[in-house]
Ligand code: JE8
């Protein structure tokens, strides 16, 4: 799986990409992430890539030429063009279904805006898949792009070892329940005890208890998840 990230702040990605899971996936050749500075495609002698909005108003708008031309150049770097994703509050909202859909792609180009966003003609010309990570305001598309990369790489076969398998993740196909509570040693801390059932070693009983805890927690906190069409729910 290859990601090309286009941004004005490429340095923001180094820390994220260096984290162990992703670093190992990159080393093993399962994932490839190339971060590109849009400024490289500036057509201005001062490397400017933004300008004041026509019609007035606050802030700056990212110019159409460097963005469209950076995408065209980067698409040329591989045999097959990638799916272009633009992170924007106006996009369709990201959820696990959308992540699963996007994870089917071999190659993704992630466009990260800043300031007041891109000139409308970026969208008109590139016709990107516009995605929002949620109904709150970020300062730019970079953190949203990291969210998308993070969610997508979990679905790339072999990225997670068996220990971190994603088959029973909340929100994965066939699972729309929140996760049950986890405990590790010590058995008691400041009077807070680990539930007795987990100490007994009766795996059937433990599995039943966990399913029930998941269901109760979901009903209490996220009843909306139970309303979603879910066929075979016990
Ligand atoms: C962004 C963003 C996602 C999400 C994504 C890209 C580029 C026009 N507005 C721009 C004005 C307020 C500040 C905005 C900053 N901005 C935000 C997001 C996003 N994906 N779920 N929330 N915010 C840009 C510029």
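Odds and ends about this structure:
- Which numbered condition residue 146 fails, given (1) surrounded by 12 or more Cβ atoms within 10 Å (Cβ to Cβ); (2) over 19 Å from residue 21 (Cα atoms); (3) within 12 Å of the ligand (Cβ to nearest atom): (2)
Listed here are the residues, each with its yes/no results for (1) in contact with a helix residue (DSSP H, G or I) (Cβ under 6 Å, 6 or more places away or on another chain); (2) closer than 18 Å to residue 122 by Cα.
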site: 2; (1), (2): no, no
site: 6; (1), (2): yes, yes
site: 24; (1), (2): no, no
site: 41; (1), (2): yes, yes
site: 51; (1), (2): no, yes
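- Single residue of segment 109-127 satisfying the filter (over 12 Å from residue 65 (Cα atoms) and assigned to a strand (DSSP E or B)) that is nearest to the chain's Cα centre (by Cα): 110
- Members of segment 70-86 that are within 23 Å of residue 47 (Cα to Cα) and surrounded by 15 or more Cβ atoms within 10 Å (Cβ to Cβ): 70, 71, 74, 75, 86
- Positions within segment 35-65 being away from the ligand (no atom under 15 Å from the Cβ) and under 21 Å from residue 12 (Cβ atoms), in sequence order: 35, 36, 37, 39, 40, 41, 42, 47, 48
- When restricted to residues that are away from the ligand (no atom under 14 Å from the Cβ), more than 13 Å from residue 130 (Cβ to Cβ) and either over 14 Å from the mean Cα position of the chain (by Cα) or part of a helix (DSSP H, G or I) (or both), segment 70-103 contains 17.
- Of all residues in segment 51-69, those being more than 26 Å from the chain's Cα centre (by Cα) and in contact (Cβ under 8 Å) with a residue 60 or more places away in the chain number 1.
- Some residue of segment 156-176 being within 16 Å of the ligand (Cβ to nearest atom) and under 28 Å from residue 1 (Cβ atoms): no
- On the stretch given as segment 128-143, residues that are buried (at least 19 other Cβ atoms within 10 Å of the Cβ), assigned to a loop (DSSP other than H, G, I, E, B) and touching a helix residue (DSSP H, G or I) at 6+ places or on another chain (Cβ under 9 Å) total 2.
- Looking across segment 119-141, the residues that are more than 8 Å from the ligand (Cβ to nearest atom) and touching a residue at least 24 places away in the same chain (Cβ under 8 Å) come down to 119, 121, 122, 123, 125, 126, 127, 128, 129, 130.
- Filter result for the condition that a residue is assigned by TED's automatic domain parsing to the domain that holds residue 50 and within 16 Å of the ligand (Cβ to nearest atom), over 116, 106: 116
- Scan of segment 214-232 for residues that are within 23 Å of the chain's Cα centre (by Cα) and at pLDDT below 95, ordered by number: 224, 225, 228
- Annotation: of all residues in segment 19-44 being at pLDDT below 95 and in a loop (DSSP other than H, G, I, E, B), the one that is nearest to residue 72 (Cα to Cα) is 43.
The values are calculated or read from the model by the stated rules, or taken from the named source; none is laboratory data. None of these values were measured; they are calculated from a predicted model. Every residue, glycine as well, gets a Cβ built from its backbone with ideal geometry; the counts of neighbours run over all protein chains shown.
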